[in-house]
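What follows is a set of notes on a single structure, which appears directly below.
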Ligand SMILES: *Cc1c(COP(=O)(O)O)cnc(C)c1O
């Protein structure tokens, strides 16, 4: 069945007792045993919950994986997969990485003896050069956050496997609708479901999907042992979001393409990052491994002094963290998502004081353009009159 159909049908035909089209929310924490030594399959909600299970099977199906797991947040999902590593292990990561992932590896895992190196994984030679004897995994984001660099998933999977390491892909920006890393050779795909999968800026969640039964068993053991599972109410919200994922992603992309083109010719914008643009260095690789360019754009203004007035004058777009919801959001990575990354590294990565990130929502794109245009005009006039 096509992915659109699997999205729309998420949670349907799953409750034989009532025929409910929307999966029931099972709040029960415990389940009666039919007899000594017998089970309905459900015993205790941390171990298995019927609502969470429907979600986990849905996300596994969307990615074409062996099994899916739902966690209380994207970071809880990344923390769970990090428990696959042991002291003495090494992980090679994209240098242009979500700040929270960097913080987890540097401040919580490094003190436990898990080593990490950050390289530009869009250059496969850098990956090959930095694989070590103790490298257990390569962890990439593609497109990366926030400068939207593209990593060749097939080639990096191949390199990792020849080295006996797993490839883990943070697929938050793409979702399974646009990109299915497991089909390209990755072993684990992780998503902050808080973003596009939920899609309405109203649920915190994370998902993992794995390719092999072996990894599924390991991660199920970790999930049940640690217990950072997604609650049933939130699992239902996420299932509801997934039902419209395909429609939302198409519209996010339609709006983003138009906005990126508009920004690109704007005299007050000095640089635009969008993988769909003709001059984006990763465009071809991305087009081969994904079905769309997504809804995230980053751009630079010529002067850091413009940033505060621009953000203050937005009327439709909201100045806020996060991404992937129906409402357009503007983020200032240097001070928000990437504040935990040292200044010198940020400069090298292009996460400068003049960089803004836009999560393009589902509004009418002409209203977004009008809003950005007036905020840019106010920003430049404010700065100029101040200088005069
Ligand atoms: C938001 C985000 C995360 C963390 O997810 P939470 O749900 O906020 O814990 C991880 N990776 C990427 C790319 C993200 O955007």
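The values are calculated or read from the model by the stated rules, or taken from the named source; none is laboratory data. Since the structure is predicted, the reported quantities are computational estimates derived from the model, not experimental observations. Neighbour counts run over all protein chains shown; Cβ positions are idealised from the backbone, glycine included.
Does residue 251 satisfy the criteria of being more than 16 Å from the ligand (Cβ to nearest atom), surrounded by 17 or more Cβ atoms within 10 Å (Cβ to Cβ), within 30 Å of residue 72 (Cβ to Cβ) and touching a residue at least 12 places away in the same chain (Cβ under 8 Å)?
yes
Taking the condition of being under 17 Å from the mean Cα position of the chain (by Cα) and farther than 24 Å from residue 171 by Cα, how many residues in the range 276-333 meet it?
0
Note down all Cβ pairs under 7 Å where the first residue falls in the range 141-160 and is at positive phi, the second is crowded, with 24+ Cβ neighbours inside 10 Å, and they're at least six residues apart or on different chains.
148/274; 148/275; 148/296
Residues checked against (1) within 27 Å of residue 297 (Cα to Cα); (2) free of Cβ contacts under 8 Å to residues at least 60 places away in the same chain; (3) within 15 Å of the ligand (Cβ to nearest atom); (4) in the same structural domain as residue 80 (by TED's automatic domain parsing):
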site	(1), (2), (3), (4)
117	yes, yes, no, yes
183	yes, no, no, yes
192	yes, no, yes, yes
203	yes, yes, yes, yes
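Could you tell me which residue of the range 89-100 is surrounded by the most Cβ atoms within 10 Å (Cβ to Cβ), considering only residues that are within 15 Å of the chain's Cα centre (by Cα) and at pLDDT below 95?
96
Quick one: how many residues across the range 88-115 are more than 21 Å from residue 339 (Cβ to Cβ) and within 16 Å of the ligand (Cβ to nearest atom)?
Qualifying residue count for the region: 1.
Has the range 236-258 got any residue that is farther than 23 Å from residue 24 by Cα, touching a strand residue (DSSP E or B) at 6+ places or on another chain (Cβ under 7 Å) and in the same structural domain as residue 318 (by TED's automatic domain parsing)?
Checking the range 236-258: at least one residue is farther than 23 Å from residue 24 by Cα, touching a strand residue (DSSP E or B) at 6+ places or on another chain (Cβ under 7 Å) and in the same structural domain as residue 318 (by TED's automatic domain parsing).
Only one of 197, 208, 215, 184 is farther than 19 Å from residue 360 by Cα and buried (at least 24 other Cβ atoms within 10 Å of the Cβ); which?
Going through 197, 208, 215, 184 in turn, the sole match is 208.
Find the helices (runs of 4 or more DSSP H) located wholly in the range 2-87 whose residues include 1 or more that are within 16 Å of the ligand (Cβ to nearest atom), and list them.
50-63, 74-82
May I ask you to verify whether residue 338 is in a helix (DSSP H, G or I) and crowded, with 22+ Cβ neighbours inside 10 Å?
no
Does the range 342-350 contain at least one residue that is touching a helix residue (DSSP H, G or I) at 6+ places or on another chain (Cβ under 8 Å) and either touching a residue at least 40 places away in the same chain (Cβ under 8 Å) or within 29 Å of residue 197 (Cα to Cα) (or both)?
Within the range 342-350, not a single residue is touching a helix residue (DSSP H, G or I) at 6+ places or on another chain (Cβ under 8 Å) and either touching a residue at least 40 places away in the same chain (Cβ under 8 Å) or within 29 Å of residue 197 (Cα to Cα) (or both).
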